[in-house]
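Each remark here refers to the structure printed beneath this line.
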Amino acid sequence: MTAVAAKPAAGGAMNPTAMVVGLVLLVIILGICWKVSPGLGLMALIGMVVGGVLIGFGTHFVPVGGAPAAMGQAPGIATGVAMLAAGAGLAGLFGGAWAAEQGLVVAVVTGAIGGGLMMAITCMMVNFIYVFGMGIPAASGKVKVDPITGDTQPEFKSQGTEGHGLPFVSFVGGVIGGILAGGGGTLIYLMLLDLYKATLPTLMKATEAQIMPVAISAAGIFAVGMFLVNAVLTAYNITGTIEGPHDPKFKRWPRAVVASAVASALCGLAAILIVVV
Amino acid sequence: MTVKIEVIAGGIPHTKIMVGGIIASLVCLYLSYLNVVTGTEMFSFFGGLAVVAALIWGSNTIKVLCSYGIGTGVPSAGMIAFGSGVIAMLLATKFGIAAPIVTLVLAAVVGLILGYLSNEVLNMKIPAMVQSLTELAVVGAFTLMGFAVLMTGGFTFAALTAGSVTIMGLSLPSYQVSFIGGSLIATAFMLGALAVQHPFNACLGPGWTQDRMLMLAAECGFLSMFVAAIMSFALITTGSALISLVVALVGWGYTYMQYIGLSKRDAASWLDAKPIPDVEGH
């Protein structure tokens with residue numbers, strides 16, 4: 001059986017019971033956080049949930065092609081979500097981390113620009129290799145005309161493929177996804193950094209300057225961990241591949257938003273409990 | 001709903017590997033407590049052995065999970081394992097001597113909830129999903145804790161965050177020279193995440209055999225342990241780090257030879273092509 005045929009048929013159906021259970025879990029976790037740390041901790045957790053949701057939602061925009069794209073049989077960037085998230089999203093996170101001292105807004109915007117820029121470069125180089133290296137035109141298999149440029153697609157699509165290359169709408173989707181995911185990752189990092197900067201000095205009986213390396217590194221590794229959890233959950237939601245915002249699979253985003261919110265709240269609670277218990 | 005693309009047949013049953021992995025990792029992590037009992041850092045290498053045990057278990061779990069076409073590629077399983085594992089492991093280090101047990105429980109809870117989210121909320125409907133993500137979170141947490149022990153000699157939050165620098169014979173406390181403060185945890189994260197997903201990613205296919213994959217997992221574990229042992233020179237005494245280094249080298253050499261042997265056994269035919277030709281005869 002080929003890899004294409006063996007794709008799981010997870011379908012676009014929603015599971016209302018599970019969604020409600022997920023939302024109840026989210027409320028319970030927020031409640032626990034309110035109980036143990038009503039002020040600083042709860043604010044940090046809400047920031048992390050927003051960041052996680054941005055990552056989960058943003059990943060839906062990114063044209064993830066997977067192995068079929070590498071063989072020129074499906075549109076998108078020819079790798080998996082885990083690799084794209086690690087490459088583009090973390091580039092944004094690191095960009096934002098450099099600007100952490102300039103305040104929340106500047107840092108988040110810097111992170112978003114970092115992620116978007118990395119995705120723009122990735123998408124351009126991918127198309128460069130598709131067109132000049134593999135000799136295939138960009139054509140979407142999911143829509144008749146490109147929703148942004150209005151270019152027709154089926155004439156350029158090879159028989160037996162789901163489309164190939166990276167159409168303009170996928171490129172734009174990739175950049176939007178990079179902006180959202182980069183900003184979300186930076187937001188998680190900043191929330192944790194502020195929390196650790198405020199609580200670690202008393203916990204470790206040292207000055208703020210002394211604990212800064214620990215605070216930065218711990219916040220960074222938590223942000224990376226939560227970023228990867230959210231990105232992989234979204235990858236499960238789209239069963240590995242998506243063309244961009246015009247893909248029918250994009251409509252599945254409410255499921256990923258709920259899952260990302262609960263997962264971020266859970267991981268964020270653990271990160272907060274380290275310093276408040 | 002889903003199509004199973006490969007059959008799990010033959011070899012050791014997964015439950016046996018799972019129980020063995022949990023016990024071996026826990027025992028190795030607790031054996032490293034001999035550091036505190038004897039007041040040395042000589043037993044840090046047990047952390048590396050815990051890493052190897054957890055990775056062998058983890059690669060078989062990934063085999064169980066990825067036998068269903070989850071569509072996201074094998075590496076994503078390694079990434080979510082360590083993403084959830086690092087969070088549980090860092091919280092567990094706050095519990096002192098109980099840390100390894102607490103890691104097991106916390107990681108299992110985090111993994112269970114993530115498994116529920118993927119299977120029910122995201123509607124994946126894969127039978128092995130919940131159990132596999134639970135196991136993978138524990139594998140990730142144990143591997144990171146093992147690396148922490150290997151590099152610092154301890155598994156408590158204090159041991160992971162505080163180090164000391166010696167300036168002109170004077171030992172000063174420094175938070176920068178530590179597992180977390182020096183961001184060695186980020187390297188450990190990637191060393192483990194690559195080592196846990198690589199064995200199945202490299203061995204999958206119609207010719208998959210379990211013993212070959214597990215041997216490759218052990219080889220990846222010892223190779224990661226070798227790199228981590230080199231980094232441990234910065235944090236523990238030279239003699240202790242040398243012990244870890246020698247254990248890693250011997251383990252890697254043995255498992256590598258075994259893996260090559262198993263690859264030759266499973267290959268249809270074998271030709272030693274000699275990439276560097278012998279020119280002396282000319």
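The values are calculated or read from the model by the stated rules, or taken from the named source; none is laboratory data. Please read all numbers here as calculations on a predicted model, not as lab measurements. No Cβ is skipped: glycine too gets one built from the backbone with ideal geometry, and neighbour counts run over all protein chains shown.
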message: Just the residues that are touching a Leu at 6+ places or on another chain (Cβ under 8 Å) and over 24 Å from B:Ala195 (Cα atoms), please, taken from the stretch B:114-134.
response: B:Leu117, B:Leu122, B:Ile126
query: Among the residues of the stretch B:18-44, which ones are within 27 Å of B:Ala77 (Cα to Cα), touching a Leu at 6+ places or on another chain (Cβ under 8 Å) and buried (at least 21 other Cβ atoms within 10 Å of the Cβ)?
result: B:Cys28
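Residue-by-condition table, conditions (1) within 14 Å of chain A (Cβ to nearest Cβ); (2) touching a Cys at 6+ places or on another chain (Cβ under 9 Å); (3) of a type outside the set (Val, Ile, Thr); (4) at positive phi:
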site: B:Tyr33; (1), (2), (3), (4): no, no, yes, no
site: B:Gly39; (1), (2), (3), (4): no, no, yes, yes
site: B:Ser59; (1), (2), (3), (4): no, yes, yes, no
site: B:Leu90; (1), (2), (3), (4): yes, no, yes, no
message: Can you confirm whether B:Leu114 is at pLDDT 85 or above and at the interface with another protein chain (Cβ under 9 Å from one of its Cβ atoms)?
response: yes
- prompt: Before we move on, is A:Gly225 more than 14 Å from chain B (Cβ to nearest Cβ), crowded, with 24+ Cβ neighbours inside 10 Å and in contact with a helix residue (DSSP H, G or I) (Cβ under 8 Å, 6 or more places away or on another chain)?
  reply: no
message: Considering only the stretch A:190-199, I want to know if a residue exists there that is without any contact (Cβ under 8 Å) to a residue 40 or more places away in the chain and in a helix (DSSP H, G or I).
response: yes
- prompt: In the stretch B:54-89, which residues are among the hydrophobic types (A, V, I, L, M, F, W, C), in contact (Cβ under 8 Å) with a residue 60 or more places away in the chain and over 21 Å from A:Val64 (Cβ atoms)?
  reply: B:Ala54, B:Leu55, B:Ile56, B:Trp57, B:Val64, B:Val86
query: Is one or more of the residues making up the stretch B:64-76 under 16 Å from the mean Cα position of the chain (by Cα), within 21 Å of A:Ala235 (Cβ to Cβ) and either surrounded by 24 or more Cβ atoms within 10 Å (Cβ to Cβ) or facing chain A (nearest Cβ under 7 Å) (or both)?
result: yes
task: Within the stretch A:250-277, track down each residue that is away from chain B (no Cβ under 11 Å) and either outside any helix (DSSP H, G or I) or touching a strand residue (DSSP E or B) at 6+ places or on another chain (Cβ under 8 Å) (or both).
output: A:Phe250
query: Taking the stretch A:61-97 only, how many residues are in contact (Cβ under 8 Å) with a residue 12 or more places away in the chain, hydrophobic (A, V, I, L, M, F, W, C) and either outside any helix (DSSP H, G or I) or buried (at least 24 other Cβ atoms within 10 Å of the Cβ) (or both)?
result: 13
task: Output yes when any residue across the stretch B:95-110 is facing chain A (nearest Cβ under 9 Å), modelled with pLDDT under 90 and in a helix (DSSP H, G or I), and no when none is.
output: no
- prompt: Has the stretch B:135-147 got any residue that is buried (at least 24 other Cβ atoms within 10 Å of the Cβ), in contact (Cβ under 8 Å) with a residue 24 or more places away in the chain, touching a Leu at 6+ places or on another chain (Cβ under 7 Å) and among the polar types (S, T, N, Q)?
  reply: yes
- prompt: Any idea how many residues of the stretch B:40-63 are over 14 Å from the mean Cα position of the chain (by Cα) and in a helix (DSSP H, G or I)?
  reply: 4
statement: By my count, helices (runs of 4 or more DSSP H) wholly in the stretch B:149-266 with at least 2 residues that are among the hydroxyl-bearing types (Ser, Thr, Tyr), farther than 17 Å from B:Asn35 by Cβ and under 17 Å from the mean Cα position of the chain (by Cα) are B:238-266
- line: B:Lys125 meets each of (1) of a type outside the set (Phe, Trp, Tyr); (2) in contact (Cβ under 8 Å) with a residue 12 or more places away in the chain; (3) within 12 Å of chain A (Cβ to nearest Cβ); (4) part of a helix (DSSP H, G or I) with one exception, condition (4)
query: Residue check, A:Pro245 against (1) assigned to a helix (DSSP H, G or I); (2) away from every other protein chain (no Cβ under 11 Å); (3) surrounded by fewer than 24 Cβ atoms within 10 Å (Cβ to Cβ), all met but one. Which one?
result: (1)
task: Say whether the condition of being part of a loop (DSSP other than H, G, I, E, B) and buried (at least 24 other Cβ atoms within 10 Å of the Cβ) is met by at least one residue in the stretch A:166-175.
output: yes
